[in-house]
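Engineer: Here it is: the structure, laid out below.
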Amino acid sequence: MFTKITLTLVTLILCASLAGCGAQTSPTQGADESTSQADSSKGITETIPANNQQMLPIISGKVANLQLDASADGTTQQLKVGGVMMITLESNPSTGYNWFATIADTNVLAQMGEPQFEEPSSSTPIVGAPGKLTIFFQALNPGTTTLTLDYERSWETGVAPEQTISITVDVK
């Protein structure tokens with residue numbers, strides 16, 4: 001009897017916690033046709049524009065000052081101290097490959113949190129289709145460092161990365 005009551009209580013608690021995930025709230029008075037979506041598991045609230053305007057991502061209360069992709073390979077990028085750089089790269093974790101960042105001088109630049117993977121946008125899910133991986137970095141102190149991003153399988157040693165992107169970051 002005690003086991004049934006305990007299982008019932010655990011089930012109710014899980015259901016209640018899941019019910020709040022992905023909940024949307026209505027726009028606030030005077031807002032510009034946007035909705036707020038709360039992600040209680042991460043403590044993050046994001047605003048989704050109703051008219052598809054592109055917005056800069058906000059990480060830890062900071063706006064990404066610089067948005068890059070794979071075409072930034074071989075370039076020198078400038079950031080101010082405290083500035084945030086966002087790099088979005090095509091990724092397909094179902095193949096075992098992932099992007100790994102190496103920063104030559106971690107006193108100049110640091111990775112912010114874990115990379116965020118976004119599934120491909122399609123009305124029908126496509127198994128094995130590549131998505132986008134976004135990695136955020138913050139400029140800590142003045143100086144110059146090299147950021148290297150390797151697309152590789154973590155368990156393969158002695159094998160060259162499938163792709164490498166190298167960016168010089170100059171922090172003022």
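Please treat every number below as a calculation from the coordinates, not as lab data. Predicted, not measured: the structure shown is a model, and the values here were computed from it. So basically every Cβ, Gly included, is an ideal-geometry build from the backbone, and we count neighbours across all protein chains shown.
Engineer: Order by neighbour count: Ile165, Ile103, fewest other Cβ atoms within 10 Å first, most last. Walk me through the numbers on the way to the answer.
Structural biologist: On the way: Ile165 22, Ile103 16.
Listed from fewest to most nearby Cβ atoms, that is Ile103, Ile165.
Engineer: What is the extension gain from Thr95 to Thr75, computed as 0.36 nm multiplied by their sequence separation minus the C-alpha to C-alpha distance, in nm to one decimal?
Structural biologist: 4.4 nm
Engineer: Kindly write out, for the range 71-83 in residue order, the coupling ³J(HN,Hα) from the Karplus curve 6.51 cos²θ - 1.76 cosθ + 1.60 (θ = phi - 60°), rounded to whole Hz, with x marking Gly and Pro.
Structural biologist: Per-residue couplings from phi come out as 5, 7, 4, x, 9, 10, 10, 10, 9, 8, 4, x, x Hz.
Engineer: Another question, if that's okay. Any idea how far the Cα center of the range 98-172 sits from the one of the range 77-96, in Å?
Structural biologist: 5 Å
Engineer: Have a look at the range 56-172 and give its Rg and Dmax from the Cα atoms, expressed in angstrom.
Structural biologist: For the range 56-172, the Cα-based Rg and Dmax read 14.8, 46 Å.
Engineer: Quick check on the range 64-106: take the gyration tensor over C-alpha atoms, sort the square-rooted eigenvalues as a ≥ b ≥ c, and tell me if it's rounded (a/c under 1.5), prolate or oblate.
Structural biologist: Numbers: a/c = 2.15, a/b = 1.84, b/c = 1.17.
Prolate, because a/c is 1.5 or more and a/b exceeds b/c.
Engineer: Can you list the chymotrypsin sites (Phe, Trp or Tyr not before Pro) in the range 87-140 that are in a DSSP coil and have 16 or fewer other beta carbons within 10 angstrom? It would help to have the intermediate numbers written out before the result.
Structural biologist: On the way: sites: Tyr97, Trp99, Phe100, Phe117, Phe136, Phe137; in loops: Tyr97.
When the chymotrypsin sites (Phe, Trp or Tyr not before Pro) of the range 87-140 are filtered for loop state and at most 16 Cβ neighbours within 10 Å, nothing remains.
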